[in-house]
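To keep things clear, I will list the structure first and then write my remarks on it.
The values are calculated or read from the model by the stated rules, or taken from the named source; none is laboratory data. Note that this is a predicted model, so its numbers are computed, not measured. Don't worry about glycine lacking a Cβ; one is built from the backbone with ideal geometry, like all the others, and counts go over all protein chains shown. For accessibility, only protein heavy atoms count, side chains too; no ligands or nucleic acids. Shrake-Rupley method; radii C 1.70, N 1.55, O 1.52, S 1.80 Å.
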Amino acid sequence: MELRQVEHFLAVARCGSFTAAAQQVHIVQSALSASVRRLEDELGAALFERTTRRVVLTEAGRALLPVANRLVDDVAAARGEVAAVSGMDRGRVSIGTIQALSVVDLPGELGIFQKRHPGIRIHVRDGKAPDLLAAIDAGELDLAYLATNGTPPKDLTCYVRWKQRLVLVTYPGHRLANRQRVRLDELADEPFVDFAGSSIRTLVGNRFADAGVRHNPVCEATHLPLLLDLVTAGLGVTIVPRSVAERAGLPFARIEKVDFERTLYLAGRGPELSNPAARALLDHLTSERLTSGSERAPTRNRPGPGTSRARPSR
């Protein structure tokens, strides 16, 4: 049963005439009659009593009438809903982010986006990058800010990427608190507060191991505010993005002659996002104002070089 056949049935029921119904739906009468006849054949019952003077509904036709009206109304409502979403009057977009995001003021930018598109509901999830990556794969997130110490995540389109410098963070009164630069070997056996489960923790461990310097974690935290509170309390030092250290107001120093950088990505499932709200948010987050100093994919409609291989961590 096709929607067009149902519409033709309703037109005849309204008009009480095949001729008038054909004029109303703008087709020739023979085509309208054939359409209704096919519907009757599919349903296995006559829907109209045809006489030389009038056309009236049969009992089967009267039974079909309310169902047909609901079907047409539901289709019209569905078209309206799709049009509203496509026109950005309504919709939903989901974005994930790692905790130590520093390349963009995400809450502020989402606030700007919300004011421009008040009908769009915005869902935000923070967490470990493997969890965010799984959520993208499952269709739970449209976009996510991820981090990795190596190549970009596998099977994702990376729309833009940044380098993020990490620094040593200490606390007032620490022996290195007044230093602007330190050597990695000066941190041998230094009590550390580790950022558990993050790509930062992996990077720190690898750099210490490569340099033959003993890494001495005394406690760990899975949330950035707690991590900084533990450092402030004097439990140990840590390594975080420079912008995070600056906001925290704690003493920090650059580590000399060792690469303490990682790469951040704004990524999604593919080069073409099917969700209109996600496309609009991506346009906002990849505007020139927000991507200064970043590396952008050659075009927004295809992955840039190196948008596969390794999966990231937080």
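Look through region 24-41, keep the residues that are assigned to a helix (DSSP H, G or I) and at pLDDT below 90, and return whichever of them is most open to solvent (accessible area, probe 1.4 Å). Before the answer, list the steps.
At the first step, the residues of region 24-41 found to be assigned to a helix (DSSP H, G or I) are 24-25, 29-41.
If we keep only those that are at pLDDT below 90 as well, we get 24-25.
Details: GLN24: 86, VAL25: 26 Å².
The qualifying residue most open to solvent (accessible area, probe 1.4 Å) is GLN24.
Checking each residue in region 172-211 for being in contact with a Leu (Cβ under 6 Å, 6 or more places away or on another chain) and closer than 23 Å to GLU246 by Cβ picks out VAL182, VAL193, PHE195. Check region 42-49 and report whether any residue there is in contact with a strand residue (DSSP E or B) (Cβ under 9 Å, 6 or more places away or on another chain) and open to solvent by 50 Å² or more (accessible area, probe 1.4 Å). Yes, because at least one residue in region 42-49 is in contact with a strand residue (DSSP E or B) (Cβ under 9 Å, 6 or more places away or on another chain) and open to solvent by 50 Å² or more (accessible area, probe 1.4 Å). Considering only residues of region 120-162 that are of a type in the set (D, E, K, R) and in a strand (DSSP E or B), which is most open to solvent (accessible area, probe 1.4 Å)? Here the residue is ARG121. For region 174-206, a residue qualifies if it is at positive phi and modelled with pLDDT under 95, and exactly one does: GLY197. Counted as qualifying within region 198-263 are the strands (runs of 3 or more DSSP E) with 1 or more residues that are in the same structural domain as ALA188 (by the TED database) and over 21 Å from LEU176 (Cα atoms), namely 216-221.
Residue check: is VAL82 part of a helix (DSSP H, G or I) and either more than 30 Å from THR263 (Cβ to Cβ) or not assigned by the TED database to the domain that holds PRO130 (or both)? Here the answer is yes, as VAL82 does meet what is asked.
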